[in-house]
1. Listed here are the pairs K238/K488; K175/K453; K319/K522; K238/K353; K237/K520; which of them are more than 26 Å apart at the Cα?
2. Name the residues of the range 393-431 whose amide N is less than 13 Å from a point 7 angstrom out from the Cα of D471 along the C-beta direction?
3. So which GluC sites (Glu not before Pro) in the range 238-277 end up in coil per DSSP with only 12 or fewer other C-beta atoms within 10 Å?
4. Taking 0.36 nm per residue of sequence separation and subtracting the Cα-Cα distance, how much length would be gained by fully extending the chain between T438 and I317, in nm to one decimal?
5. Please work out the FRET efficiency for the pair Q495 and H286, using the Cβ-Cβ distance as r and a Förster radius of 25 Å; give the result to the nearest 0.05.
6. Roughly what would the spin-label model give for D430 and R332, points 7 Å off Cα along C-beta, in nm?
7. For a quick check: with amide H placed at 1.01 Å from N, whose amide H comes under 5 Å from T194's, ignoring anything fewer than 5 positions away on the same chain?
8. Extension gain K351-K512, at 0.36 nm per residue separation less the Cα-Cα distance, in nm?
Amino acid sequence: MIHDMANVFLSLEPCNGDQIGYDTSENGLYMSHHKELSYSLNPYTSDLKRNAASMMISTLSNDSGDFKRLRRNPSLGESLGSNSTFYSTDNSSSSSSNFSIPRNDSTNSVNSLSLLQPRLHFRDHVWALKQRCLAAEAIEEAAADTINQEEQNGEGMKLVQLLITCAEAVACRDKSRASVLLSELRASALVFGTSFQRVASCFMQGLADRLALVQPLGTVGYAATHAMNKTDIALEKKEEALMLLYEICPHIQFGHFVANYSILEAFEGESFIHVVDLGMSLGLPHGQQWRSLIESLANRPGPPPRRLRITAVGQNIEKFEIIGDELEAYARSFSINLEFSAVESNLENLKPKDIKVHDGEVLVVNSILQLHCVVKESRGALNSVLQVIHELSPKILVLVEQDSSHNGPFFLGRFMEALHYYSAIFDSLDVMLPKYDTRRAKIEQFYFADEIKNIVSCEGPARVERHERVDQWRRRMSRAGFQAAPLKMVSQAKQWLAKVNAYEGFTITEEKGCLVLGWKSKPIVAASCWKC
């Protein structure tokens, strides 16, 4: 593909002369025939056009496809004064019998020529011809890739315009026009197409769901949106997609790494420690985040903590208890006394009395992609949760959230922000997994598609994917009485990113004390730390 040739560009550059050999300029090798133009390699040209390939091929070959006759420079022996020999090929045949070796008794011209350019052996000419053939093939392939890329870019732009036009029609409650546009989208937005075609298919589904809830023109607002009752099969598919996302992509692992690093610093030198996990790390099986923390606590200098308590907060109490039993057994293998408990409650109804805090223990609160779900228009729900956390007086609160603005007051603004954000995510998945890999389809269609459809189609209490940017979280946390605790671990995070073999394109940057994981400069996930 054209991206694989980003550092090898070819350009057209005229050269005069009859010989094949080395050019003393920085452009390297060249070849010409009589007084026709030849073409040289140039690493600084970025545009490859179809004409470049056709011109190159026509110069190197005649109508029958064979290479034109070539003349070579004098060999080392000839430049020392022997009779000069020129090798030529006949168009009628490619066999070695067609080579003729005429003699030339005039050595003065050869000697003068040898003073002007490097002395070459026959193998140099063979190598040069081979490189020119490879260059011609590269030009042809690159030109074809460029044409395909231009066609894809053109199709992509049409798809973007179609999505935006459809979103505008849905926002204006124009059902007839929106229905026509959705029909066009279904033909172009493919689940196994390009990265943008795949993300467009998810947004198309969200627009279709929103259109079904639109009231007739003249009425105010949208029909009441209710969260769909997910079947057991749908929940199993989403859990499988979440596990694949955790294993393949660095998004959630990044949050776990930053959180555990900060928690270890808070627990340094402490013997009685307590972690309150909001959402129990998204309900991932086996409690991977806390297994890593247990190992780090066991391997730190000095004796292990005398008691580690983990309290999970959420509504999937049965799954939490299974995870807790596994973690207690895992901790015993490291000679750590772990006490696990679970609080069955959603975050909006959480009360300080639900969390049992013992005297003399150090408390931290962990929130991985959870608090955005309680961000509402009134802000009362989030303020209530933050007030409960503040009353617990944790040493630190670790906050990991999607770094994007999907909670604006206007539908079209949210739509465009989400389209930009998830296009970057699907682009990263395009690099990490092959085109027809079912794992990628599961991650996109059973995990990210649910988020996209919630952002696009839902309003009111049903819209729970209310992601916000770091600056907005900073203002919300400050108003709730929290103070930022800057994360000074950029180098450690970059080392971790290299260790997990994340694909080139993922970046980690520091932004006003927060750490941000991004894909090609587009922020994806942000981690921050807060004190009471």
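The values are calculated or read from the model by the stated rules, or taken from the named source; none is laboratory data. The model shown is predicted, which means the values in this text are computed figures rather than measured ones. Cβ atoms come from the backbone with ideal geometry, glycine included; neighbour counts cover every protein chain shown. SASA here: full protein model, heavy atoms, side chains in, ligands and nucleic acids out. Shrake-Rupley method; radii C 1.70, N 1.55, O 1.52, S 1.80 Å.
1. Values: K238/K488 35 Å; K175/K453 18 Å; K319/K522 34 Å; K238/K353 33 Å; K237/K520 29 Å.
With Cα atoms farther than 26 Å apart: K238/K488; K319/K522; K238/K353; K237/K520.
2. Output list for this probe position: 404-405.
3. On the way: sites: E239, E240, E247, E265, E268, E270; in loops: E268, E270.
When the GluC sites (Glu not before Pro) of the range 238-277 are filtered for loop state and at most 12 Cβ neighbours within 10 Å, E268 remain.
4. On the way: separation 121, 0.36 × 121 = 43.56 nm, distance 3.06 nm.
Difference between extended and current length: 40.5 nm.
5. Numbers: r = 25 Å, r/R0 = 1.00.
So the FRET efficiency works out to roughly 0.50.
6. With each label placed 7 Å out from Cα toward Cβ, I get 5.1 nm.
7. none
8. That pair, K351 and K512, stretches by 54.8 nm at full extension.
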